[in-house]
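**Q** Sending over a structure as structure tokens; questions will come in a sec.
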Amino acid sequence: MHKRIVTAAVVIVALASTLRAQERRQRRQPDQQPAPQSQPATAPADGEKKQDNKSDGKPDAKPDGDKLSVTDHEISVHGRPLKYKTTAGTIQMKDEAGKHKADVFFVAYEKQPPSDRPASRPITYVFNGGPGAAAVWLHLGTAGPKRVRLTEEGETSPPPYGLVDNEETWLEASDLVFIDPVGTGYSRPAAGEKQEQFSGVEEDVRWVGEFIRLYTTRYQRWPSPKFLAGESYGTTRAAALSEYLLDECGINLNGIVLISTVLDFQTLSFGGGTDLPYLVYLPSYAATAFHYKKLPSDLQADLNKTLKEVENWAMTEYVQVLARGTGLEPARRAEAVRMLARYTGLPADAVDKADLRIDPEVFRTMLLQDKRLLLGRFDTRMTGYDRHVLRRDAEWDPSYSQYEAAYSASINDYLRRELKYESDLRYEVLTGRVHPWNFGPGGSGYTYVANRLQQAMIKNPYLKVMVAQGYHDLATPYFATAYTIDHMELSPELRKNITETLYPGGHMMYHRLESMKKLNGDIKSFIAANSGGGERVAGSGPSVER
């Protein structure tokens, strides 16, 4: 990735609707009611394997109030057997006075037989974003030993949905713990406790951090190399956790995997007097237009060459054009209109009427307007019928709607049927019950956590960061992430600890089979290379950057 030179930044949470950052910084009012409470999850079904008193680095018995189901499984990974133990259930979260505050649901996978040297087996804590998303997306989409059955290009089939063995699972390289933050999945506040104490940037970091500390302690994983992996708002959480875990819990991380990243919320938020989002979104528009063969012939020859040209123009001429505002000379404006039409595939007249500022909604509704097709937000390679062709705000997202039911059906069946965990609660795949989300006091600016990752890297110079982005993602565009990282105040040596890689696909680039294979291979290599002499993965190789 090469340098980008610009100032200011804006964002949108990846798996939530586009909202102004200022509007999402409001605290919940004192008289607002908490999310509806349900009874705790029921005990696992008969046949659950109880934890024995054995020297495998695991607790002798589950603490009172925890509801756990432990089962054993085996899959074949490229012709090699992979045996593993799964623990699915809830851990009671308490304050220091012992008051029950919440039940946090998790699913943990441990390779079997367990190593007699805990320091040789890494552990990775995994979560998604939203805010309001359960970990099911990474869990059953790419990382776990089972994944949702999709076509090679990442589309769902008609129901019934199903799971297949995941031969690319991260479990080859690391034990895995998938965490559902309070309000998502089966995680809920305790009776009488309000959701608002878990719903916010700092609130979320404290409670997820406490879960990680508690799990690390109970399951005797303090000697293990430790990693975080997050997607979308989960990358925001991971960045903040990197410093929190070190300063508050004494946990130094070996590495962090950031998938579809947002560390600076200014880079994704349109309006409000900033032009930065228009700059950092432009390369993703070009990548999409390239996919649909909407670019001039000289730009259709080589995608990466085209994107470098677009990135360079955005950070040199385009930034100056927008900075001139209404003082822009007519001839220079006409040339900017021509270049934007050239790089986006949109009509010059539409670019001119948009005042040289093309937001994602305009782009998604206009690029294939002649076919009455709406582009996906999470993945612009996917399209759907646009019944309001003259509207400039997208009515729905073709790259999300087909997946929600597939993931919901798969996780509900998998937990009960295979993992023997039973609950009558609704498993919240992506929920609004965590809102309103406290992004900080009003007037404090856009949410920004790159500085916390920066501080963690300065304090722990061994910390490595892998950034994975999709070419066709309009929720967290890759150039916004590159811009943010290039503006972190790191020494040249520490900057080398961050690698950035682009993959064909969108926000969940792993839905596309070949991209999933490449992504997971890179992640397993990343974990193996940064585990301080931990286990190596057969067949893993170095990552290839764009």
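**Q** At a Förster radius of 25 Å, what calculated FRET efficiency corresponds to the Cβ-Cβ distance of residue 426 and residue 514, to the nearest 0.05?
**A** Once the sixth-power term is evaluated, E becomes 0.15.
**Q** Please give every one of the lysines within straight-line cross-link reach of residue 67, meaning a C-alpha to C-alpha distance under 18 Å, and leave out same-chain neighbours fewer than 8 residues apart.
**A** Once the sequence-local lysines are set aside, what remains near residue 67 is 49, 50, 58, 85, 94, 99, 101, 420.
**Q** Would you kindly state how much longer the chain becomes between residue 83 and residue 153 on full extension, computed as 0.36 nm times their sequence separation minus their alpha carbon distance, in nm to one decimal?
**A** Length gained between residue 83 and residue 153: 22.3 nm.
**Q** If we restrict to alpha carbons, what Rg and Dmax does the stretch 276-358 come to, in Å?
**A** Over the stretch 276-358's Cα set, Rg and Dmax evaluate to 12.1, 36 Å.
**Q** Cα convex hull of the stretch 115-171: how many Å³ per residue?
**A** 117
**Q** I've got another one for you. In a shell of Cβ-Cβ distance under 13 Å around residue 430, excluding residue 430 itself, what net charge do Lys and Arg (+1) and Asp and Glu (-1) give?
**A** Neighbourhood net charge equals -3.
**Q** Based only on other Cβ atoms within 10 Å, what is the fewest-to-most ordering of 365, 235, 326?
**A** In increasing order of surrounding Cβ atoms, one gets 326, 365, 235.
**Q** What's the center-to-center distance, using Cα atoms, between the stretch 100-179 and the stretch 220-280 in Å?
**A** After rounding, the separation between the Cα centres reads 19 Å.
**Q** Starting from the alpha-carbon convex hull of the stretch 160-242, give the projected area averaged over all orientations, in nm².
**A** 7.9
**Q** OK, next. Using all C-alpha to C-alpha distances in the chain, build P(r) with 20 Å bins and read off the rounded percent in each one.
**A** Per 20 Å bin, starting at zero, the Cα-Cα P(r) for the chain comes out as 22, 56, 20, 1 percent.
**Q** Here is a follow-up. Can you give the helix-only mean residue ellipticity at 222 nm for the chain, where every DSSP H stretch with n ≥ 4 adds -39500 (n - 2.57) and the sum goes over all residues, rounded to the nearest 500 deg cm²/dmol?
**A** Mean residue ellipticity at 222 nm (helix-derived): -8500 deg cm²/dmol.
**Q** Evaluate the charge dipole of the stretch 276-358 about its Cα centre and quote only its size in Debye, nearest 20, assuming +1 on the Cβ of each Lys and Arg and -1 on the Cβ of each Asp and Glu.
**A** 100
**Q** Angle check, please: helix 276-291 long axis (alpha carbons) against the longest principal axis of the chain (alpha carbons), in degrees 0 to 90, nearest 10.
**A** Between the helix axis and the principal axis of the chain, the angle is about 90 degrees.
**Q** Name the shape class, rounded, prolate or oblate, that the alpha-carbon gyration tensor gives for the stretch 367-499, where a ≥ b ≥ c are the square roots of its eigenvalues, rounded holds for a/c under 1.5, and otherwise prolate holds if a/b is larger than b/c and oblate otherwise.
**A** Since a/c reaches 1.5 but b/c is at least a/b, the shape of the stretch 367-499 is classed as oblate.
**Q** Specify the angular offset, from 0 to 90 degrees and rounded to the nearest 10, of the alpha carbon long axis of helix 330-344 from the longest principal axis of the alpha carbons in the chain.
**A** The helix 330-344 is inclined about 40 degrees to the chain.
**Q** Next question, about the same structure. Only bridges with both residues in the chain count here: give the DSSP antiparallel percent, nearest 5.
**A** Once the DSSP bridges in the chain are tallied, antiparallel ones form about 60 percent.
**Q** As a quick test, which of the pairs 111/464; 111/518; 294/464 have an alpha carbon distance above 31 angstrom in this structure?
**A** 294/464
**Q** What number comes out for the charge environment of residue 347, summing +1 per Lys or Arg and -1 per Asp or Glu over other residues with Cβ under 13 Å away?
**A** Its environment carries a net charge of +1.
**Q** To make sure I understand the rule: partners must be aspartates and glutamates, Cα under 19 Å from the Cα of residue 226, and not fewer than 8 residues away in the same chain. Which ones qualify?
**A** 56, 110, 116, 172, 175, 180, 210, 243, 247, 248, 522, 535
**Q** Provide the FRET efficiency to the nearest 0.05 for the residue 100-residue 300 pair, computing r from the beta carbons and using R0 = 41 Å.
**A** The calculated FRET efficiency here is 0.10.
**Q** Angle, helix 450-459 long axis vs. longest principal axis of the chain, Cα atoms, 0 to 90°, nearest 10?
**A** For helix 450-459, the angle is close to 50 degrees.
**Q** Something else: In the neighborhood of residue 507, defined by Cβ-to-Cβ distances under 9 Å, what is the net charge if each Lys or Arg adds +1 and each Asp or Glu adds -1?
**A** Combined, the nearby Lys, Arg, Asp and Glu give -2.
**Q** Between the stretch 425-474 and the stretch 493-520, what is the C-alpha centre distance in whole Å?
**A** 18
**Q** Can you tell me the dipole magnitude for the chain around its Cα centre, using point charges on the Cβ only (Lys, Arg +1; Asp, Glu -1), in Debye to the nearest 20?
**A** Computed about the Cα centre, the dipole is about 280 debye.
**Q** Which of 523, 485, 458 has the fewest other C-beta atoms within 10 Å, and how do the rest follow up to the most?
**A** Fewest-to-most Cβ neighbours within 10 Å comes out as 458, 485, 523.
Read-outs throughout are calculated quantities, based only on the coordinates presented, and are distinct from any laboratory measurement. This is a predicted model, so every value here is computed, not measured. Ideal geometry is used to build each Cβ from the backbone, glycine not excepted, and the neighbour counts take in all protein chains shown.
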